[in-house]
Amino acid sequence: MGDLYILNTRCQLTDKIRETFEKAGFKVKVSTDCGVSDENLKGAKGFTAICIFVNKCIKPEQVEILKENGNKLILHCSAGFDNSPTEELKAAGISAARVPSYSPGSIAEYAVTQIMALAKNTHMSYVMTKKADFEITNMQCLLLENKTCGVIGTGLIGKKCAMKISGLVEKVLCFDVYPDNEWIKTIPNASYADMDTVLRNSDFISIHVPLLPQTHHLINEEAFAKMKNDVVLVNTSRGEIVHIPSLIKALEAKKLWGVALDVFEGEKKYIFHDKSKAGFRDDPDLARLAQFEHVILSSHIAFYTDQAVDQITAKTIENYMGFVGKGTKDEKAFIC
């Protein structure tokens, strides 16, 4: 019946992927419903592959629908794949592929941008001056050039972040379970340290680790207790890395200068949607978090650049072509 059923991403990726697949001669359908309801998934009946982005989640019990549909492949147009049930897919004989990396510089730039915005109170100034308020009593900023930035996780994105921030700060402290001791030599003012040292000595902390059992709520009450006062925290990795109640407690204690979360626990029902009418009424922790002036919440947009959209699309169609035997299959991109 068709080749690709796209669960509408509500961003430019949908149009780009659809146009690219259709140009290659494949039949594509985009879901009209933006959710991942049973009915929406049933719309993929007869299609070889389903394309899913990070703002969607296929539940284990929905795999039976995919089997009945005759779907053979889940195409994750993201590096992360925790939003589909790998073991259940494998048991059902359904393959899954991902985009291992795409424009790491996009996410790294966003992290550095948020550090700068918080350190320089750009977000506050923007809001105040729109109301003709040019008072500066509470607008003193942080200087970066005599500060230390901690980078937790030095995969492709973490490395890019360390490289980009290194020219702005005095020192970069990196932590990774598998340190790249050759790469670190390329940044004169960077070095590896243990996690405690990074937490205790950093003025800015940028998180770039995958979501694993050992990183779930990695930044918790104990971690906040180790941090310096007036620290700036940025998370562009996975929302579940930061424990929100512990973060709120640290903010209430005025432990942090500011926080930027491009990802946050419970984000899937918010990102890429206009929830302004309902607000955070069903999520008291997020409602409390949004009340802090020095907290920037964004809609998982760190990746969202022209280059990233192009690279995600190119790898997604490459994965499909490899799966159907019309190209070379990149085994490293296939999860199951």
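The values are calculated or read from the model by the stated rules, or taken from the named source; none is laboratory data. Computed from a predicted structure; not experimentally measured. With ideal geometry, Cβ positions are generated from the backbone for all residues, glycine too; neighbour counts draw on all protein chains shown. Keep in mind that these areas ignore ligands, DNA and RNA; they rest on the heavy atoms of the full protein, side chains included. Shrake-Rupley method; radii C 1.70, N 1.55, O 1.52, S 1.80 Å.
Things to note:
- Selection count where residues are among the hydrophobic types (A, V, I, L, M, F, W, C), over 20 Å from the mean Cα position of the chain (by Cα) and under 23 Å from Ala302 (Cα atoms), scope region 271-291: 2
- Note on region 152-181: residues that are touching a strand residue (DSSP E or B) at 6+ places or on another chain (Cβ under 6 Å) and not charged (D, E, K, R) amount to 13.
- Considered as a group, the residues in region 173-198 that are more than 22 Å from the chain's Cα centre (by Cα) and among the aromatic types (Phe, Trp, Tyr) include one that is farthest from Lys159 (Cα to Cα), and that residue is Tyr192.
- Candidate set from region 55-83 (those that are out of contact with any helix residue (DSSP H, G or I) (no Cβ under 8 Å at 6 or more places or on another chain), part of a loop (DSSP other than H, G, I, E, B) and open to solvent by 10 Å² or more (accessible area, probe 1.4 Å)); member that is farthest from Cys11 (Cα to Cα): Gly70
Listed here are the residues, each with its yes/no results for (1) open to solvent by less than 40 Å² (accessible area, probe 1.4 Å); (2) in a loop (DSSP other than H, G, I, E, B); (3) closer than 24 Å to Asp262 by Cβ.
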{"position": "Ile136", "(1), (2), (3)": "no, yes, no"}
{"position": "Leu144", "(1), (2), (3)": "yes, yes, yes"}
{"position": "Val151", "(1), (2), (3)": "yes, no, yes"}
{"position": "Leu173", "(1), (2), (3)": "yes, no, yes"}
{"position": "Ser191", "(1), (2), (3)": "no, no, no"}
{"position": "Asp196", "(1), (2), (3)": "no, no, no"}
{"position": "Val209", "(1), (2), (3)": "yes, yes, yes"}
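- Ala44 being surrounded by 18 or more Cβ atoms within 10 Å (Cβ to Cβ), over 25 Å from the mean Cα position of the chain (by Cα) and part of a loop (DSSP other than H, G, I, E, B): yes
- Restricting Leu251, Leu261, Leu286, Leu256 to residues that are open to solvent by less than 10 Å² (accessible area, probe 1.4 Å), farther than 27 Å from Arg98 by Cα and without any contact (Cβ under 8 Å) to a residue 60 or more places away in the chain narrows the list to Leu286.
- Out of Ala117, Ala92, Ala111, Ala24, sole residue that is among the small types (Gly, Ala, Ser), open to solvent by 10 Å² or more (accessible area, probe 1.4 Å) and under 30 Å from Val234 (Cα atoms): Ala117
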